[in-house]
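Below: one structure, written as structure tokens.
The values are calculated or read from the model by the stated rules, or taken from the named source; none is laboratory data. In this text, all values refer to a predicted model and were calculated from it rather than measured experimentally. Here the Cβ positions follow ideal geometry from the backbone for every residue, glycine too, while neighbour counts run over all protein chains shown. To get the accessible areas, we keep the full protein, side chains included, count just its heavy atoms, and leave off ligands, DNA and RNA. Shrake-Rupley method; radii C 1.70, N 1.55, O 1.52, S 1.80 Å.
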Amino acid sequence: MFRAGLQTSLFERLFKCGIKPVQLTTQYRMHPALSKFPSQEFYSNELKDGVKSSDRMADTISSFGNVYITCISDEAQCVGKVIDMLLDANVVESQIGVITPYNEQRKVIKWSLPKGTNKKKLEDHQFSLLLEASSPADKARLLSVSAPHAASWLLVTPSPGLDLHLDPNELQISIQWWLGIDTARGSSCSLCPGLALGRLGNHATTCKRGGDVVTHHNHLRNVFVEFCDRAYLGVRVESGSGITPDLSRTRPADVLVLNWERGKHAALDITVTSPLIPSILTAASLSEGAAAEEAEVRKHRANDPKCSELGWVCIPLAVETYGNWGREAQSTFSRLASHLAIITSSHKSKVLTELYSRLNFTLVWAVARALLARCAPSLGLQDIV
């Protein structure tokens, strides 16, 4: 914070720049009995009341004794009316901005915008501006982290007993990596001398040394198998090697789900890819999910012949390192969630959220371990915040 000069307040900064302050001498919030003290102690008795005692009677206070919440809601409604008037006057949504210094007020205003205001369009416009100002690598990262379910790892309730937790270093470097903060500071991979980690740590997430790629794969596989078991689906792990007439050692099924589709077994092949790989970076910076889609095509090309020979259905479960799953994986997860929801008498959406949360938490944890094995966190959590 101090390195960025944020210890100087906005008003102090403006004053030092030569902006002459103008004192506002009329207050409209407090009961006159309350405003008397600050007027005497801080404003040399110059503070005047714009409201009467009768305007601030006790019966206007909420059951929580907090009139501030009521004020926020009233102001949010006022902001909504002003936005409606601007839209009626044919002002373009992208030209409308609301500024407030209060975090709670911002939340209330955001969720109380008039229904006629397309909040998603406003957010999409801001996201488009951010993409336009970003490098290809940052564009690919932003498209991936903003994909549906990518941020679901943040919904996991930390539980050391269930191995659902990040230690301080893992949490720190995960946040840096997720936000696109330089995790390497120009350093090279400790396991691959001479190879730069890259500003976004891409090399660490794809490095073949140290066993981290296998760790990614196996932990994701185990989470998926756990959910299949809970849905009472018959599964086999690492199937297909050496059982065709040519004794091929290729193994198309990380997880073989029995009788998945029309009596056929499904060979599910999990693969983790990165949208920052040079060969896919351009496409990934232009289209969300391009890296996962390319990985699906690659897996079909490798596994379809053997799956066809075995009478299996080939289903690649491709995921980008930032948690954006491919279309075939999403379809598979949806079907699995339906099975489990029926068995557990739960809502499908709840089961699906849990599945994505567990998978993506596991993915982020594995990425954090890979990054820490090759570089130390470059910032403290306080610096990031």
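Counting only residues that are among the aliphatic types (A, V, I, L, M), open to solvent by less than 100 Å² (accessible area, probe 1.4 Å) and modelled with pLDDT of 80 or more, how many does the range 1-44 have?
Kept after step one, since they are among the aliphatic types (A, V, I, L, M), are these residues of the range 1-44: 1, 4, 6, 10, 14, 19, 22, 24, 30, 33-34.
Cutting the leftovers down to open to solvent by less than 100 Å² (accessible area, probe 1.4 Å) gives us 4, 14, 19, 30, 33.
Restricting the remaining residues to those that are modelled with pLDDT of 80 or more gives 14, 19, 30, 33.
Number of matching residues: 4.
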| touching a residue at least 40 places away in the same chain (Cβ under 8 Å) and surrounded by fewer than 22 Cβ atoms within 10 Å (Cβ to Cβ): does that describe Ser331? | no
| request: Please work out which residue is least open to solvent (accessible area, probe 1.4 Å), limiting yourself to the range 175-188 and to residues that are modelled with pLDDT of 80 or more and assigned to a loop (DSSP other than H, G, I, E, B). | output: Gly180
| said: Exactly one of these conditions fails for Pro136: (1) in contact (Cβ under 8 Å) with a residue 24 or more places away in the chain; (2) open to solvent by less than 40 Å² (accessible area, probe 1.4 Å); (3) of a type outside the set (Asp, Glu). Give me its number. | reply: (2)
| said: I'd like to verify a number: residues in the range 112-152 that are modelled with pLDDT under 90, among the charged types (D, E, K, R) and in contact with a helix residue (DSSP H, G or I) (Cβ under 8 Å, 6 or more places away or on another chain), how many? | reply: 2
| query | In this structure, is Ser338 in contact with a Leu (Cβ under 8 Å, 6 or more places away or on another chain), closer than 25 Å to Gly263 by Cβ and polar (S, T, N, Q)? | reply | no
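Here's the yes/no breakdown for (1) of a type outside the set (Ser, Thr, Tyr); (2) crowded, with 19+ Cβ neighbours inside 10 Å:
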| site | (1), (2) |
| --- | --- |
| Ile173 | yes, yes |
| Ser190 | no, no |
| Arg199 | yes, no |
| Ala204 | yes, yes |
| Cys207 | yes, yes |
| Gly210 | yes, no |
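With the structure loaded, tell me whether Ala231 is in contact (Cβ under 8 Å) with a residue 60 or more places away in the chain, within 22 Å of Ile277 (Cβ to Cβ) and buried (at least 17 other Cβ atoms within 10 Å of the Cβ) or whether it fails that test.
no
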| field | Inter-residue pairs, beta-carbon under 7 Å, first free of Cβ contacts under 8 Å to residues at least 40 places away in the same chain and assigned to a helix (DSSP H, G or I) and in the range 153-174, second open to solvent by less than 20 Å² (accessible area, probe 1.4 Å) and of a type in the set (Gly, Ala, Ser), 6+ apart | value | none
| query | Assuming Gly194 fulfils every condition listed in (1) within 21 Å of the chain's Cα centre (by Cα); (2) open to solvent by 30 Å² or more (accessible area, probe 1.4 Å) apart from one, which condition is it? | reply | (1)
| Inside the range 153-166, can you point out the residues that are out of contact with any Leu (no Cβ under 8 Å at 6 or more places or on another chain) and either among the hydrophobic types (A, V, I, L, M, F, W, C) or modelled with pLDDT of 90 or more (or both)? | Leu154, Leu155, Leu162, Leu164, Leu166
